[in-house]
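The values are calculated or read from the model by the stated rules, or taken from the named source; none is laboratory data. Only a predicted model underlies this, so the values are computations on that prediction, with no experimental measurement involved. Note that we place each Cβ from the backbone using ideal geometry, even for glycine, and neighbour counts take in every protein chain shown. To get the accessible areas, we keep the full protein, side chains included, count just its heavy atoms, and leave off ligands, DNA and RNA. Shrake-Rupley method; radii C 1.70, N 1.55, O 1.52, S 1.80 Å.
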Amino acid sequence: MEKHLFLGDEAIAQAAIDAGLSGVYAYPGTPSTEITEYIQGSAVAKERGIHCRWSANEKTAMEAALGMSYAGKRALCCMKHVGLNVAADCFMNAAMSGINGGMIIISADDPSMHSSQNEQDNRLFGNFAMIPMLEPSSQQEAYDMVYEGFELSEKLGYPILVRITTRMAHSRAGVVTREMKAENEMHTPGDGRQRFILLPALARKRFKSLIAAQEAFTASSEKSAYNRYFDATNKDLGIIATGIAFNYLSENYPEGFEHPVLKISQYPLPRKMVEKITGECKEILVLEEGYPVVEEQLKGFLGQCLKVHGRLDGTLQRDGELTPDAVGKALGKEITGYYATPEVVEQRPPALCQGCGHRDVYEALNEVLAEYKGAKVFGDIGCYTLGALPPFRAIDTCIDMGASVTMAKGAADGGVFPAISVIGDSTFTHSGMTGLLDCVNENTHITIVISDNETTAMTGGQDSAGTGRLESICAGIGVDPAHIRVMVPLKKNYEEMKNIIREEIEYKGVSVLIPRRECIQTLTRKKKASKK
Ligand SMILES: Cc1ncc(C[n+]2csc(CCOP(=O)(O)OP(=O)(O)O)c2C)c(N)n1
């Protein structure tokens, strides 16, 4: 047993290694990225040959993790909340097939959207797939849940969704680690043909099994060490606190709870425990990070019989992160403002780095597009999304990864000219390639700019799946090589860049422009490292 000061992400990574992990499969995304990076840097993981290379996207990651589980090994799959939308097809169906080796899926949700395009609460996805979920209230619990979670997954026969949020992922606390286990031996499922082939006749049976398994899932929640009832004398109010909200609640009661508290960190909801607190207390306050998931379930259980307070009735704000202060306010406590952002910290909008190649791409593009009245630029997700802000104001949309290509296609189909897509190299291989095939198949009049900085910069400079092969990927998909144009985005090349952009806008078919210059941050890091 050793004690470490771990980020929540690091606690999860170390727990997975200690539990006999054979592979982590992931695509970067804040606040989940550090889990995989920790495993990539772990000497034990290297020695054991634990798989830890980045996947092309979250769907390929989850399918590979399920494949490793099929082989009997323990697999971890990590992503930010919106990644689960990408992986949803596999996610929902892995709940139908079940698993073989233990499988844990980490969803790192980002309430308040510190670096995300929405604030979805993936506990709803867990409920949707009808699989067990764990939601740690501390870094130690994050470690314990993952360490024990593989065994739980194997015992119940289903993948487990572990839901964390930004503060859990990115704050540190002392974590006691446990003994390191051996990896599972390879063993494919004896009943694989029945379980893993989701043909309708077989899938119907599997869905009945999943429904039948709900009882075992609830029984497991009911006796889980992570769900706890804390009794107290003042029963005018009962508090249900889930995940990290329990931590915030505890900060408000350093001397012990005044009201009965039900801590929930394992789902489905432990029904008997919920009935106990709602039966004993006059009113209920629900504290949860994200959507009012439990609050809505309680109202569903009990209708109007019980007063339930939370995010739905305005006791807590409807959106955004909870804080200990927000929880204190909901409890009628005096707020010290300890957790408020001090005013000395000036709010600054994010901006593209000085020396970033995306800047040169936008400057040249803006100059050319000033010549075209109807031009629309469909943006995507990455550092280059900052081209939406001044001084560039260069993009008109940013919806989800890969959407620049397909939205530009639809708009071109609808008559927009010129329809330009701007996408990063990693986003292109994540979700842009399939849209490009649609364009090629219909010879869409479109200009796609893959702004290639040879890394996944937005999330800290991870490897990008298509580095060195973007031209051949595009040619392989069917783009005419004469209309795959590579350029170096530097001021001295502006005239040449602008000429190429004009030529390809006028070409009545699919053009791919690849401005390529290494990210200034990764370049600086490499230079520093070589000096050491
Ligand atoms: C579905 C989904 N997965 C992951 C992310 C996190 N994320 C945002 S942009 C990005 C990749 C950016 O890389 P690239 O396209 O190469 O552009 P760069 O930031 O390097 O300019 C990632 C991983 C996300 N927003 N959505």
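Residues being more than 27 Å from the chain's Cα centre (by Cα), within 29 Å of Phe128 (Cβ to Cβ) and surrounded by fewer than 19 Cβ atoms within 10 Å (Cβ to Cβ) are represented in the stretch 174-188 by at least one member.
Checked against (1) open to solvent by less than 10 Å² (accessible area, probe 1.4 Å); (2) within 20 Å of Ser171 (Cβ to Cβ), Gln14 passes all but condition (1).
Check the stretch 221-228 and report whether any residue there is touching an Asp or Glu at 6+ places or on another chain (Cβ under 9 Å) and crowded, with 16+ Cβ neighbours inside 10 Å. The answer is yes; a qualifying residue exists.
Tell me whether the stretch 137-146 contains one or more residues that are in a loop (DSSP other than H, G, I, E, B) and within 19 Å of Pro268 (Cα to Cα). Working first, answer last.
Of the residues in the stretch 137-146, the ones in a loop (DSSP other than H, G, I, E, B) are 137-138.
Next, from what is left, pick out any that are within 19 Å of Pro268 (Cα to Cα): 137.
Within the stretch 137-146, one or more residues are in a loop (DSSP other than H, G, I, E, B) and within 19 Å of Pro268 (Cα to Cα).
Selection within the stretch 25-49: residues that are away from the ligand (no atom under 16 Å from the Cβ) and open to solvent by less than 10 Å² (accessible area, probe 1.4 Å). The member of this set that is nearest to the chain's Cα centre (by Cα) is Ile39.
Among the residues of the stretch 368-395, those that are more than 16 Å from the ligand (Cβ to nearest atom) and within 17 Å of Leu352 (Cβ to Cβ) comprise Pro390, Pro391, Arg393.
Criterion first (open to solvent by 40 Å² or more (accessible area, probe 1.4 Å) and part of a loop (DSSP other than H, G, I, E, B)) does Ile197 satisfy it? Reasoning before the result, please.
Details: open to solvent by 40 Å² or more (accessible area, probe 1.4 Å): yes; part of a loop (DSSP other than H, G, I, E, B): yes.
In short, yes.
Residues in the stretch 79-91 that are within 24 Å of Ser209 (Cα to Cα), within 12 Å of the ligand (Cβ to nearest atom) and crowded, with 23+ Cβ neighbours inside 10 Å: Leu84, Ala87. Could you look through the stretch 506-532, keep only residues that are of a type in the set (A, V, I, L, M, F, W, C) and closer than 19 Å to Gly424 by Cα, and pick out the one that is nearest to the ligand (Cβ to nearest atom)? Filtering the stretch 506-532 for residues that are of a type in the set (A, V, I, L, M, F, W, C) and closer than 19 Å to Gly424 by Cα, the one nearest to the ligand (Cβ to nearest atom) comes out as Cys519. When Lys508, Lys527, Lys498 are checked against the criterion of being over 32 Å from the mean Cα position of the chain (by Cα), among the basic types (Lys, Arg) and part of a helix (DSSP H, G or I), a single residue qualifies: Lys498.
Go over the candidates Ala108, Ala71, Ala94 one by one and state the one that is touching a Pro at 6+ places or on another chain (Cβ under 6 Å) and either surrounded by fewer than 21 Cβ atoms within 10 Å (Cβ to Cβ) or more than 20 Å from Ile197 (Cβ to Cβ) (or both). Working first, answer last.
Details: Ala71 fails: touching a Pro at 6+ places or on another chain (Cβ under 6 Å); Ala94 fails: either surrounded by fewer than 21 Cβ atoms within 10 Å (Cβ to Cβ) or more than 20 Å from Ile197 (Cβ to Cβ) (or both).
After applying the criteria, what remains is Ala108.
Somewhere in the stretch 199-211, is a residue polar (S, T, N, Q) and under 27 Å from Ile50 (Cβ atoms)? No: zero hits. When Ala61 is tested against the conditions (1) within 16 Å of the ligand (Cβ to nearest atom); (2) closer than 20 Å to Ser209 by Cα, the lone failure is (2). Annotation note: Cβ proximity below 6 Å between a residue of the stretch 409-421 that is closer than 14 Å to Ile395 by Cβ and at pLDDT 95 or above and a residue that is part of a helix (DSSP H, G or I) and open to solvent by less than 40 Å² (accessible area, probe 1.4 Å) (sequence gap 6+ or interchain) occurs for Pro418/Ile505; Ala419/Ala408; Ala419/Ala411; Ala419/Ala412; Ser421/Ser404; Ser421/Val405; Ser421/Ala408.
Pairs meeting the criteria (first residue in the stretch 149-160 and without any contact (Cβ under 8 Å) to a residue 60 or more places away in the chain, second residue open to solvent by 30 Å² or more (accessible area, probe 1.4 Å) and assigned to a helix (DSSP H, G or I), beta carbons under 7 Å, at least 6 apart or on different chains) are Ile160/Leu152.
Note on the stretch 112-130: residues that are open to solvent by less than 10 Å² (accessible area, probe 1.4 Å), in contact with a Leu (Cβ under 8 Å, 6 or more places away or on another chain) and assigned to a loop (DSSP other than H, G, I, E, B) total 1. A single member of Ile395, Ile423, Ile399, Ile381 is over 26 Å from Pro481 (Cβ atoms), within 22 Å of the chain's Cα centre (by Cα) and open to solvent by less than 40 Å² (accessible area, probe 1.4 Å), and it is Ile381. Residue pairs whose Cβ atoms lie under 9 Å apart, separated by 6 or more positions or on different chains, with the first residue in the stretch 504-532 and closer than 20 Å to Arg359 by Cβ and aromatic (Phe, Trp, Tyr) and the second at pLDDT below 95 and more than 15 Å from the ligand (Cβ to nearest atom), do not occur.
Taking the condition of a type in the set (A, V, I, L, M, F, W, C), away from the ligand (no atom under 16 Å from the Cβ) and out of contact with any strand residue (DSSP E or B) (no Cβ under 8 Å at 6 or more places or on another chain), does Ile104 pass? Answer is no for this residue.
Just to check your reading of the model, which residue among Tyr143, Tyr147 is closer than 25 Å to Leu5 by Cα and open to solvent by less than 10 Å² (accessible area, probe 1.4 Å)?
Tyr143
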